[in-house]
1. Going by the conditions given, is ALA89 among the hydrophobic types (A, V, I, L, M, F, W, C), closer than 22 Å to LEU170 by Cβ, touching a strand residue (DSSP E or B) at 6+ places or on another chain (Cβ under 6 Å) and crowded, with 16+ Cβ neighbours inside 10 Å?
2. Just for the range 97-128: of the residues that are hydroxyl-bearing (Ser, Thr, Tyr) and in a strand (DSSP E or B), which one is farthest from ARG9 (Cα to Cα)?
3. Which members of the range 59-82 meet the condition of being charged (D, E, K, R), within 27 Å of VAL149 (Cβ to Cβ) and assigned to a loop (DSSP other than H, G, I, E, B)?
4. Can you pull out the residues in the range 147-169 that are surrounded by fewer than 16 Cβ atoms within 10 Å (Cβ to Cβ), of a type outside the set (Gly, Ala, Ser) and within 19 Å of the chain's Cα centre (by Cα)?
5. If I ask for residues that are surrounded by fewer than 20 Cβ atoms within 10 Å (Cβ to Cβ), closer than 30 Å to ALA184 by Cα and of a type in the set (Lys, Arg), which ones from the range 109-146 would you list?
6. Just name the residue that is nearest to CYS111 (Cα to Cα) out of those in the range 47-68 that are acidic (Asp, Glu) and surrounded by fewer than 19 Cβ atoms within 10 Å (Cβ to Cβ).
7. Hey, ALA94 hits all of (1) in contact with a strand residue (DSSP E or B) (Cβ under 9 Å, 6 or more places away or on another chain); (2) outside any loop (DSSP other than H, G, I, E, B); (3) aliphatic (A, V, I, L, M) but one; which does it fall short on?
8. Could you list all residues from the range 129-149 that are in a strand (DSSP E or B), touching a residue at least 60 places away in the same chain (Cβ under 8 Å) and within 15 Å of CYS111 (Cα to Cα)?
Amino acid sequence: MIEAELKARVHAPEAVMRQLDERATARVEVYRDTYYDRLDGSLEKAGEELRVRTVHGVDGTRTVLTHKGAAVDAESGSKPEHEARVEDADQAHAILRGLGYAELIAFEKRCRNHDFTAHGRQMLATLVWVPEIDGTFLEVETLVDEDDVSAALDDIRAVLAELGIGTADLTLETYTGAVAAQRAV
């Protein structure tokens with residue numbers, strides 16, 4: 001499956017949050033993301049990602065191992081995504097290190113998730129705050145087959161427009177890149 005996704009900088013986070021809260025009940029969670037790469041950096045060079053995400057929320061803690069392939073849509077950065085829930089985060093990290101992967105970067109994301117249906121699609125809208133980065137971001141995504149990416153992105157753009165987010169607010173900036181740049185200062 002392809003994670004068709006658009007990300008935008010949000011200039012009025014409270015207004016967007018109110019509108020999302022009208023669509024769906026919010027799920028507030030803190031993500032602890034650790035990204036891995038081969039020692040030669042070949043995953044990053046190929047535009048791929050390997051991540052262990054531990055999610056802390058009111059319903060407990062869960063950990064997910066994710067691989068994202070190279071982007072299938074250059075304009076949005078939408079990528080194939082494969083995820084599996086793992087029972088033990090420490091063991092997932094140990095397995096990746098044991099296979100020769102090295103930690104690329106780790107950071108925290110504070111998320112307010114909203115699951116809803118729009119334009120006939122199940123969507124997830126997430127307001128994101130990363131303590132090390134200035135600003136608030138909004139990610140809107142849906143899982144689709146590769147031949148449906150373009151139409152799904154049009155539907156996501158429509159949701160963003162309904163929330164007052166314009167095309168000028170869209171960004172391909174990655175959290176990993178922004179956090180790394182901030183730490184280099």
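1. Numbers: among the hydrophobic types (A, V, I, L, M, F, W, C): yes; closer than 22 Å to LEU170 by Cβ: no; touching a strand residue (DSSP E or B) at 6+ places or on another chain (Cβ under 6 Å): yes; crowded, with 16+ Cβ neighbours inside 10 Å: yes.
It is false that ALA89 is among the hydrophobic types (A, V, I, L, M, F, W, C), closer than 22 Å to LEU170 by Cβ, touching a strand residue (DSSP E or B) at 6+ places or on another chain (Cβ under 6 Å) and crowded, with 16+ Cβ neighbours inside 10 Å.
2. Of the residues in the range 97-128, the ones hydroxyl-bearing (Ser, Thr, Tyr) are 101, 117, 126.
Subsequent filtering for residues that are in a strand (DSSP E or B) retains 117, 126.
On the way: THR117: 22, THR126: 12 Å.
Residue satisfying both the conditions and the ranking: THR117.
3. Within the range 59-82, GLU75 is the sole residue that qualifies.
4. Answer for the range 147-169, where residues must be surrounded by fewer than 16 Cβ atoms within 10 Å (Cβ to Cβ), of a type outside the set (Gly, Ala, Ser) and within 19 Å of the chain's Cα centre (by Cα): ASP154, THR167.
5. Listed by number, the list holds a single entry, ARG110.
6. Within the range 47-68, the match that is nearest to CYS111 (Cα to Cα) is ASP59.
7. The number of the failed condition is (1).
8. THR136, PHE137, LEU138, GLU139, VAL140, GLU141, listed by residue number.
Every number here is computed from the coordinates shown, using simple stated rules; none is lab data. Not measured: the values here are computed from a predicted model. Cβ coordinates were reconstructed from backbone atoms using ideal geometry, including for glycine residues, and neighbour counts include every protein chain displayed.
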